[in-house]
Amino acid sequence: MNQIKKLLIIGFVWPEPNSSAAGGRMMQLISIFKENGFEITFASAAQDSDFMVDLAVFGVAKVSIELNSSSFDDFVTELNPDVVLFDRFMIEEQFGWRVIENCPKAIRILDTEDLHCLRTARQKAFKEKRTFEISDLLSEEVAKREIASILRCDLSLIISEFEMNILQDVFRINKELLFYLPFLVEKMNEEELLKLPSFENRKNFVFIGNFLHEPNWNTVQYLKESIWPFLKKDFPEAVLEVYGAYPSQKVLQLHQPKNGFYIMGRAEDANEVVKKARIVLAPIRFGAGLKGKLLEAMQCGTPSVTSSIGSEAMHLDFPWNGFIEDDPAAFAKKAIALYQDENLWKESQKNGITIINECYQKSAYSDKLTSLINSLLADSESHRLHNFMGNLLQHHAFRSTMYMSKWIEAKNK
């Protein structure tokens, strides 16, 4: 009889799939491990939130842990997981050395979510009003921490092929340490489009995104200040509804019904909101990873107008389900054309289905990931032996992080 394998996920936050794409991504990972018979424990030092998912419903044990506390050592030793999944590199920095010390045989997997160093470097270049260059990554402080974390782990899950290329070409990471895992969704067919609201039964433009994420706030500002004036001038009856979790006061201040610009706050059901809208607008100017809001738009049969950053690594060479445009005036023109031309709209909608079926099928990735994890479980020693840089970093970081954490723990007492 096969022994049940145990997975420990250490979360940066508790998953909120209705608030962010990161929350949805985490639930997809949980489902892959569940389907493969893992017993799952999700641990986090984050505060509970009103919108966190009830993990027990998915058969996942929930455990609250403390930062900089040896109580985690007792917890992880007793649990003795076969696999530990770190949710973002900051979590690996905090708990990785404790996992190594107490469960040295456990396979360590990093879910990067997106490359934080890429997002940070792009944001910095944007604020300095200059074009982002790939070489910016090499001087980025966050890059040094994030790449070290990737090297220390047995495997890192990378959401974007653009980021896979950066890791291999710029940072020279061995591809054996990386696994490309985009968002995973169910296959769609054209009959399913008929069940969705039709062109004439939809109205308004929509933007949706969690406002704790800086690129989303910047997008809404850009929509209001640079794109909406062009759009309203040529299409006076246009209405944009902006939805998103955790809107700050500065977001709420953009609410201007007289100008057709509505700040709606959190969406009870994001899918319903996007299905009722005719077009998603997402002129994202910096960021990284894949944009969950744009994939969700495709699933809802809602064409979108986005930027080159928004569409990055999302559609291979397939036509976009709408338009990709970086100039504000041209963006507005394309949005109006898509809104008013039913044939163009339907063609864009079908493009979205092609992208979903060609780029995001669970069956194309989950079996490969499972077999890779099983091979790591069977022979982690050989895999680790060939990751010399990872061993080197582990040796030094183990010492520095360990002593810093013990110092904080002693100070807190």
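Before moving on, here are some points about what is shown:
- Residues whose amide H falls under 5 Å from that of GLY265, counting only those 5 or more places apart or on a different chain, are GLY244, with hydrogens built in the peptide plane.
- Convex hull of the stretch 116-249 built on C-alpha atoms - directionally averaged projected area, nm²: 12.5
- Of all accessible heavy-atom area on the stretch 207-292, the percent that carbon and sulfur account for (1.4 Å): 49
- Along the chain, counting only GluC sites (Glu not before Pro) with a DSSP assignment other than H, G, I, E or B and at most 13 other Cβ atoms inside a 10 Å radius, the longest segment between sites is 269-413.
- Backbone phi angles across the stretch 13-30, fed through the Karplus curve with coefficients 6.51, -1.76 and 1.60 (θ = phi - 60°), yield HN-Hα couplings of 9, 6, x, 10, x, 8, 9, 8, 5, 4, x, x, 4, 4, 5, 5, 5, 4 Hz in residue order; Gly and Pro are listed as x.
- Links that overshoot a 18 Å alpha carbon limit, given the list LYS224/LYS275; LYS62/LYS105; LYS34/LYS362; LYS203/LYS346: LYS224/LYS275; LYS62/LYS105
- With one equal scatterer per alpha carbon and no solvent term, the Debye-computed log10 I(q)/I(0) for the stretch 1-71 at 0.14 1/Å reads -0.44.
- For the chain: accessible area per residue (Å², 1.4 Å): 46
- For the stretch 39-197, the carbon plus sulfur part of the accessible surface works out to 49%, probe radius 1.4 Å.
- For the stretch 51-148, the fraction of alpha-carbon pairs in successive 5 Å shells from zero, as %: 2, 11, 17, 17, 15, 13, 10, 8, 5, 2, 0
- Two-decimal ratio, the stretch 198-331, of alpha-carbon radius of gyration to 2.2 N^0.38 Å: 0.97
- Neighbours of PRO247 by Cβ distance under 13 Å: Lys/Arg scored +1, Asp/Glu scored -1, total +1.
- Taking N as its residue count, the alpha carbon Rg of the chain over 2.2 N^0.38 Å: 1.03
- The distance from the alpha carbon centre of the stretch 135-213 to that of the stretch 58-91 is 25 Å, rounded to a whole number.
- For the stretch 86-95, the Karplus equation 6.51 cos²θ - 1.76 cosθ + 1.60, evaluated at θ = phi - 60°, returns couplings of 8, 8, 5, 5, 5, 6, 5, 4, 6, 10 Hz by residue, with Gly and Pro reported as x.
- Paramagnetic label zone (point 7 Å from Cα along Cα-to-C-beta, ALA337; backbone N under 20 Å) in the stretch 257-287: 278-284
- Computed over the Cα atoms of the stretch 289-413, the ratio of the radius of gyration to the Kirkwood radius (Rg/Rh) comes to 1.25.
- Here the 3J(HN,Hα) profile of the stretch 102-112, calculated from phi with Karplus coefficients 6.51, -1.76 and 1.60 at θ = phi - 60°, is 9, 9, x, 7, 4, 6, 10, 10, 10, 9, 6 Hz, Gly and Pro shown as x.
- Placed amide H near SER156: partners under 5 Å, 5+ positions off or other chain: LEU110, LEU178, PHE179
- The label point for LYS258 and the one for MET404, both projected 7 Å from the Cα toward the Cβ, are 5.2 nm apart.
- Of interest is the spacing of the C-alpha centroids, which for the stretch 273-338 and the stretch 1-44 amounts to 29 Å.
The values are calculated or read from the model by the stated rules, or taken from the named source; none is laboratory data. Source: prediction; values computed, not measured. In this analysis, Cβ positions are derived from the backbone assuming ideal geometry, glycine residues included, and neighbour counts consider all displayed protein chains. SASA here: full protein model, heavy atoms, side chains in, ligands and nucleic acids out. Shrake-Rupley method; radii C 1.70, N 1.55, O 1.52, S 1.80 Å.
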